[in-house]
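The values are calculated or read from the model by the stated rules, or taken from the named source; none is laboratory data. Just so we're clear, the structure is a prediction, and the values are computed from it rather than from any experiment. Cβ: placed from backbone, ideal geometry, glycine included. Neighbour counts: every protein chain shown. Side chains are part of the model used for accessible areas, which takes the heavy atoms of the whole protein and leaves out ligands, DNA and RNA. Shrake-Rupley method; radii C 1.70, N 1.55, O 1.52, S 1.80 Å.
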2 protein chains.
Amino acid sequence: MANCNDINSNLTNTSVNELKSEKALAHLAKALAHPARIRILKILFKLDQLGGCLNSNLVSELGLAQSTVSEHLRVLIKAGFIDATPQATKVCYQISTKQLNYFSNLFATTYQ
Amino acid sequence: MANCNDINSNLTNTSVNELKSEKALAHLAKALAHPARIRILKILFKLDQLGGCLNSNLVSELGLAQSTVSEHLRVLIKAGFIDATPQATKVCYQISTKQLNYFSNLFATTYQ
DNA sequence: GCCTATAATCGTATTTTAACGATTAATAGG
DNA sequence: CCTATTAATCGTTAAAATACGATTATAGGC
């Protein structure tokens, strides 16, 4: 049950690094905070398992306009969850499992 | 290196349940998508370790207006990351480690 | 060189979020 | 009862996110 002592919050003093990593965590969470982007990552994750990547045909898959999908991709790339490599006239999008793990670990270490 | 085959995205067919859990993940991520809320959870997490909870003195801690903090708390409560129990004129806020774990697992199972 | 395909960027409208001060509701204490 | 404390809610303003069509830039194929 809840103890609910009125604990002085000065006990929870904060370092600069702590605030920095919290800000980073919030920033990454923001990139994940949309169903379309979660969906994109899922598709890219599955393709990664199959040894491929996406020469974007996401538009029909998501039912969103090309420019909208492009914007979602931009957000994910900026957050490091996706790598984009140009290929002829197309672009190859690949998930960054490294960044997925980074997020997972950052979350775990923040609240452990 | 990137294979980048133009894999048919029909391979990544989607179930209704998959879409539902993806939407849930996005919703939870959205609740985490602000530094102040990450901070609040951190403070509550630390207090939980000390066997206490917060009769909100977060206002001075965060340097935000009382109504703003209240709104952030509302978002976190709605997402299930915080439980609130009234205590006299105050309210006791406690972190839900269960929900933290749920989020962590949902993320892991989505991309594993 | 010109046409096509792809995807980023631009411009814009709409919606959502964030923040604050002010007000309200609830309860404890005198 | 009245008062003080606490926290939610209201009203409003400002900022950011979302979405789309239209345009632009790049590169390959003819």
Taking a cut-off of 22 Å between Cα atoms, list the lysines near residue B:78, but don't count ones fewer than 8 places away on the same chain. A:23, A:30, B:20, B:23, B:30, B:42, B:46, B:90, B:98
Expressed as a whole number, the average count of other chain Cβ atoms within 10 Å around the Cβ atoms of B:54-62 is 3
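Given contacts defined as C-alpha pairs under 8 Å and at least six residues apart, what's the relative contact order of chain B, whole-number percent? Working shown, then result.
Details: 80 pairs, mean separation 29.8, N = 112.
Here the relative contact order equals 27 percent.
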Per DSSP H run of n ≥ 4, the term is -39500 (n - 2.57); total these for chain A, divide by its residue number, and report the mean residue ellipticity at 222 nm rounded to 500 deg cm²/dmol. -17500 deg cm²/dmol
For residue B:97, which inter-copy label distances result when the label point lies 7 Å beyond Cα on the Cα-to-Cβ vector, reported in nm to one decimal and in ascending order? 3.1
Shortest-first distances to equivalent copies, position residue B:84, nm, label 7 Å out along Cβ: 4.0
What's the angle, to the nearest 10 degrees (0 to 90), between helix B:66-78's Cα axis and the longest principal axis of chain B? 50
Using a probe radius of 1.4 Å on protein heavy atoms only, what is the accessible area buried between chains A and B, both sides summed, to the nearest 100 Å²? 4600
Using label points projected 7 Å from each Cα along Cα→Cβ, tell me how many nm separate residue A:14 and residue B:68, to one decimal. 1.2
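Please give the contour-minus-distance gain from residue B:102 to residue B:60: 0.36 nm per residue of separation, less the Cα-Cα distance, rounded to one decimal in nm.
Computed gain between residue B:102 and residue B:60 is 12.1 nm.
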Could you work out which residue, out of A:59, A:69, A:16, moves most in a Gaussian network model of chain A, that is, has the largest mean-square fluctuation with Cα springs under 10 Å? A:16
Solvent-accessible area per residue for the protein assembly as shown (1.4 angstrom probe, square angstrom): 52
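Taking all pairs of different Cα atoms in the range B:23-112, averaging 1/r and flipping that mean, what Kirkwood radius in angstroms comes out?
On the way: mean 1/r = 0.0737 Å⁻¹.
Over the range B:23-112, the inverse of the mean reciprocal pair distance is 13.6 Å.
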7 Å along Cα→Cβ, label-point gaps from residue B:109 to other copies, nm, shortest first: 2.7
Whole-number Å³ per residue for the convex hull built on Cα positions in the protein assembly as shown: 136
